[in-house]
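Engineer: Just passing along the structure, written as structure tokens.
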Amino acid sequence: DFIERIQNLQSLLEQVKTMDPDRQSDVRERLNKAVSDLKADVDANRFEQELIYYLEKYDITEEKVRLANHLDYFTSTLESDDSNGKKLAFIAQEIGREINTIGSKANYAPMQQLVVQMKDELEKIKEQMLNVL
């Protein structure tokens, strides 16, 4: 069951990765529209700084990489001879943090729907851990 759930999470993560370029263009389009709706002269340097801030704020590259690493680590820990329940619980907690961060940074409804599915899978892993431990 654990392996199936982790594979489901990996599949959902792949969907997030595939969807990310669409999300980025959507965010960029909304920012451009907001700027054009301002109809005010803005300082180009200040605007550029703000734009960089928002682009960094919405970037989920690190979270995607860390989540993939945590999923792999969970699987390898599970398959090791000395798999420790507390260690698996800690890794599951880290997986949850990355999923939550992706969700809070997504700012894109289709991706947030995937995040909800990911949280559901993780919750099933946590419930199963309680049964096993």
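Engineer: In segment 1-96, which helices (runs of 4 or more DSSP H) lie fully inside it and hold 1 or more residues that are in contact (Cβ under 8 Å) with a residue 40 or more places away in the chain, under 21 Å from L114 (Cβ atoms) and more than 19 Å from the chain's Cα centre (by Cα)?
Structural biologist: Details: elements: 2-38, 44-58, 61-79.
Result: 2-38.
Engineer: Now a separate question. Which condition number in (1) closer than 16 Å to I3 by Cα; (2) of a type in the set (S, T, N, Q); (3) surrounded by 15 or more Cβ atoms within 10 Å (Cβ to Cβ) is the one that S80 fails?
Structural biologist: Condition (3) is where S80 drops out.
Engineer: Same structure, new question: How many of the residues in segment 103-133 are of a type in the set (A, V, I, L, M, F, W, C), farther than 14 Å from H70 by Cα and assigned to a helix (DSSP H, G or I)?
Structural biologist: Going residue by residue through segment 103-133, those that are of a type in the set (A, V, I, L, M, F, W, C) are 106, 109, 111, 114-116, 118, 122, 125, 129-130, 132-133.
This time we only want the ones that are farther than 14 Å from H70 by Cα, so: 106, 109, 111, 114-116, 129-130, 132-133.
Narrowing the set further to residues that are assigned to a helix (DSSP H, G or I) leaves 106, 109, 111, 114-116, 129-130, 132.
Total meeting the criteria: 9.
Every number in this text was worked out from the coordinates using simple rules, so none of it is lab data. Computed from a predicted structure; not experimentally measured. Cβ sites come from the backbone with ideal geometry, for glycine too, and all protein chains shown count toward neighbours.
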